[in-house]
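Trainee: A single structure is presented below for examination.
The values are calculated or read from the model by the stated rules, or taken from the named source; none is laboratory data. All values derive from a computational prediction rather than experimental measurement. Cβ coordinates were reconstructed from backbone atoms using ideal geometry, including for glycine residues, and neighbour counts include every protein chain displayed.
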Amino acid sequence: MQGKNTPWNFVKGLTVAALVAVSFSGCDSNPKAAGDGDENSTGGRQFITLGTAPSGGAFAPVGNAIAGVVDANKGDRDWVVTPKKTKGTQENIRKLQDGDIQFGMANAAISYFAVKGEGAWETPHEIRTVATIAPNVGVFVTTEATGIKTIADLKGKRVVLGPAGAGFDYFLKPLFEAHGLTYEDMTVLPGNYLEAGDMIADKKADAAFMGGAIPIPAVTQLCSTQDIVFVKLDDDAPEKLKAYPFYAAVPVKADAYSDLNEDFIGLNVGNMQLVTHANVDEDLVYDFTKLMYENRAKVAEKHPAAKAINEKNAARNTGTPFHPGAIKFYKEIGIWPAE
């Protein structure tokens, strides 16, 4: 099938924004609570920093929106709330552990393993959820010429699985295991979504993983330049992955992408979250959660992914414990799940 002759020109560096980081360094086990030290306070004033992510995905604009809306609606609280651009989830977790920031955007899969101290996290990190936000729906895309139809068909193929060191392996390895594959069964290529699209277009890669809120901009753009095939999950894959609370099957409507001819089942590979550290003051987290939730419509005006800050989703467990300050607020408004 011939590719479409539309230029490939979408914004460089597009990634699953909260998943980009380049190292897994050790962390101080006694982080500063918000308000400790000159960095966070001057007299009664509190300087509150929210770590975001690289530009190009939803994590950065949602994080910027939350920080801006909370700061604009803080009332008589002597706060200065600012977003800080970071490399994403892994850096935010390290900075929370070190007490350098008070809140951060994160992917639920990476937070889950950080709390447990598993994978490349050498020790447990005391990360706590403030709010569960939008699903991060992952899809594998390819072209008709490769003959790839299912995840099992990726065996022996060249597959782009995200930037090196980004942490995609935290949610991709269990997914492959559920389909009888390992990383060693494929030629794994590094690259962000722009690079993945270029490699598919240039026939330097056979398939690529892409993820984000539906519609994923990178997939939309790729459909405009190539005739794209969406690789199907095994029907029993969601059941096999039930041990991991951050996975969930997500229906994708056929009209989401120009090359999708029928409804499709994608996989939530870890919700966008707002997280904090266990040592951050309970009253601060309570007030921050309250201001964010009560002004959630203003946050959603800045990015539609923030519509997921709602009564059905915000207090949903994805495997990372909630902070007591957030729990207190959610119980007050009646959306905390019954125990």
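Trainee: Output yes when any residue across segment 93-106 is part of a loop (DSSP other than H, G, I, E, B) and at pLDDT below 95, and no when none is.
Mentor: Within segment 93-106, the first condition is being part of a loop (DSSP other than H, G, I, E, B), and the residues that meet it are 99-102.
Next, only the ones that are at pLDDT below 95 stay: none.
Within segment 93-106 (the criterion being part of a loop (DSSP other than H, G, I, E, B) and at pLDDT below 95), the answer is no, since none of the residues qualifies.
Trainee: Here is a list: ALA218, ALA278, ALA237, ALA249. Which entry is without any contact (Cβ under 8 Å) to a residue 24 or more places away in the chain and either assigned by TED's automatic domain parsing to the domain that holds LYS149 or of a type in the set (A, V, I, L, M, F, W, C) (or both)?
Mentor: ALA249
Trainee: Being farther than 13 Å from LEU233 by Cβ, over 21 Å from the mean Cα position of the chain (by Cα), in the same structural domain as ILE228 (by TED's automatic domain parsing) and charged (D, E, K, R): is that true of LYS149 here?
Mentor: On the way: farther than 13 Å from LEU233 by Cβ: no; over 21 Å from the mean Cα position of the chain (by Cα): yes; in the same structural domain as ILE228 (by TED's automatic domain parsing): yes; charged (D, E, K, R): yes.
In short, no.
Trainee: Which residue out of ALA205, ALA237 is surrounded by fewer than 21 Cβ atoms within 10 Å (Cβ to Cβ) and touching a helix residue (DSSP H, G or I) at 6+ places or on another chain (Cβ under 6 Å)? Even if it seems obvious, please write down each step before you answer.
Mentor: Details: ALA205 fails: surrounded by fewer than 21 Cβ atoms within 10 Å (Cβ to Cβ).
It is ALA237.
Trainee: Go through (1) farther than 10 Å from VAL275 by Cβ; (2) among the charged types (D, E, K, R); (3) touching a strand residue (DSSP E or B) at 6+ places or on another chain (Cβ under 8 Å); (4) at pLDDT 95 or above one by one and return the number of the condition LYS116 breaks.
Mentor: (3)
Trainee: Determine, yes or no, whether ALA249 is under 19 Å from the mean Cα position of the chain (by Cα), under 22 Å from ALA108 (Cβ atoms) and either assigned to a strand (DSSP E or B) or not aliphatic (A, V, I, L, M) (or both).
Mentor: yes
Trainee: Sticking with this one: Among the residues of segment 80-91, how many are touching a Leu at 6+ places or on another chain (Cβ under 9 Å) and either assigned to a loop (DSSP other than H, G, I, E, B) or at pLDDT 95 or above (or both)?
Mentor: Final tally of qualifying residues: 5.
Trainee: Evaluate the following for TYR170: is it touching a helix residue (DSSP H, G or I) at 6+ places or on another chain (Cβ under 6 Å) and at pLDDT below 90?
Mentor: no
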